[in-house]
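In what follows, a single structure is set out as structure tokens and then discussed.
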Amino acid sequence: MHSHIAEAIKQPDLIRVRPDLFCLRFESMKVYSALGAVRHLLDSGAVQEGDTLIDSSSGIYAHALALACHRFGLRCHIVGSATVDRTLRVQLEILGATLEQVEPSKNLRLDQELRVRRVSEILAGNPSYHWMRQYHDGIHYYGYREVAEILDREIPAGAVTLVGGVGSGASTGALATYLAEAGRDACVVGVQPFGSVTFGSEHVPDPDMIIAGIGSAIEFRNVRHELYDRIHWVNFACALSGSVELLRSTGIFAGLSAGAAYLTTLWERRGRGFRTYVFIAADTGHRYVEDAYAQHRDAWDIEFLRPHEIASLDELKPPWSAASWRDIPPRTHRG
């Protein structure tokens, strides 16, 4: 029995898609991150009951932080992207969190810069607020130790390849770290949108991509680049196609990042030696219905999709590129 809804929501479902392929499916993955971070802040005395926590979010983290604050008796203020929809806005309001959204922008960099700038302005006027810094503070890794323990216990023994959106780095980075601590041979494949600075694709725009949560237009100091073995850059059309096929073939209704991770995982496991593959579905597909799933008739057949393997970031091109990250010349690293 759970003492709070946040404890229930955070629990992932581990779904066997194929004998060697699993989906780690969350209702809202960042609840783990937020609960772990807030619990650490309270235990360390950095914040106290009744304090206000503030951060920016494109959607998932806003809900997660609001639930964590509700769970521990804290106030919550979110500077949100225009992608925060009405369903989430209403929930935040009822949970007692306050939300302000920046102006809509097709440009990921502008959206994130506006949000961070606004957070700085609010902090200047309210110095007692605690900035969660989900993109920079290592405390967001802590909550995922429990997820790694679940994976280590539930999936077959032996080597594992973890595939997921990079975003702030906390989910894939933390899971890789804790799996390695458990003695697993863990390979990590990160998924990025074009236009993200984290792994150097900022010079290749993708105006249709709406999964800002897995990319970065500003530096994210939470990302530990050395943890990633392979990187795949996926555009909107490929992510949509992966999401539609994931729903069609498995019944899993998840966000665009899950579709991109599924597409990437199917490619990575071709011709490889025996390993277990786990891809992350960070959220459900509900908020992507109008802007993505409604276009399902335009989705490509993923059987005919192939990534463009690159040896330098100058070779990046849509719709899908891939690289062994450690083989990319350091002088071309832009992250």
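The values are calculated or read from the model by the stated rules, or taken from the named source; none is laboratory data. The structure displayed is predicted, hence computed values, not measured ones. When we count neighbours, we look across all protein chains shown, and the Cβ atoms used for this are built from the backbone with ideal geometry, even at glycine.
Quick one: in the stretch 317-330, which of the residues that are within 16 Å of Pro207 (Cα to Cα) and out of contact with any Asp or Glu (no Cβ under 9 Å at 6 or more places or on another chain) is surrounded by the fewest Cβ atoms within 10 Å (Cβ to Cβ)?
First pass over the stretch 317-330, keeping only residues within 16 Å of Pro207 (Cα to Cα): 317-320.
Adding the requirement that they be out of contact with any Asp or Glu (no Cβ under 9 Å at 6 or more places or on another chain) leaves 317, 320.
On the way: Lys317: 14, Trp320: 23.
That would be Lys317.
Quick check on my filter: what residues within the stretch 1-52 are farther than 30 Å from Ala260 by Cα, in a helix (DSSP H, G or I) and out of contact with any Leu (no Cβ under 9 Å at 6 or more places or on another chain)?
Scanning the stretch 1-52 gives Arg39, His40, Asp43, Ser44.
Yes/no per residue for (1) buried (at least 24 other Cβ atoms within 10 Å of the Cβ); (2) of a type outside the set (Asp, Glu); (3) touching a residue at least 40 places away in the same chain (Cβ under 8 Å):
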| site | (1), (2), (3) |
| --- | --- |
| Ile150 | no, yes, yes |
| Ile155 | no, yes, yes |
| Gly164 | yes, yes, yes |
| Gly167 | yes, yes, yes |
| Thr177 | no, yes, yes |
| Glu181 | no, no, no |
| Val191 | yes, yes, yes |
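Under 8 Å between Cβ atoms, which residue pairs at least 6 apart in sequence (or on different chains) link something in the stretch 75-104 that is closer than 17 Å to Gly255 by Cβ with a partner that is in a strand (DSSP E or B) and charged (D, E, K, R)?
Short answer, once both residue conditions are applied: Gly80/Glu100.
Which one of these is touching a Phe, Trp or Tyr at 6+ places or on another chain (Cβ under 9 Å), among the polar types (S, T, N, Q) and in a helix (DSSP H, G or I): Thr177, Thr161? Reasoning before the result, please.
Numbers: Thr161 fails: in a helix (DSSP H, G or I).
The conditions single out Thr177.
Each row is one residue, and each column tells you yes or no for (1) within 20 Å of Leu263 (Cα to Cα); (2) at pLDDT below 90; (3) in contact with a strand residue (DSSP E or B) (Cβ under 8 Å, 6 or more places away or on another chain); (4) in a helix (DSSP H, G or I).
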site: Ala157; (1), (2), (3), (4): no, no, no, no
site: Thr198; (1), (2), (3), (4): no, no, yes, no
site: Pro205; (1), (2), (3), (4): no, yes, no, no
site: Met209; (1), (2), (3), (4): yes, yes, no, no
site: Gly213; (1), (2), (3), (4): yes, yes, yes, yes
site: Phe220; (1), (2), (3), (4): no, yes, no, no
site: Gly242; (1), (2), (3), (4): yes, no, yes, yes
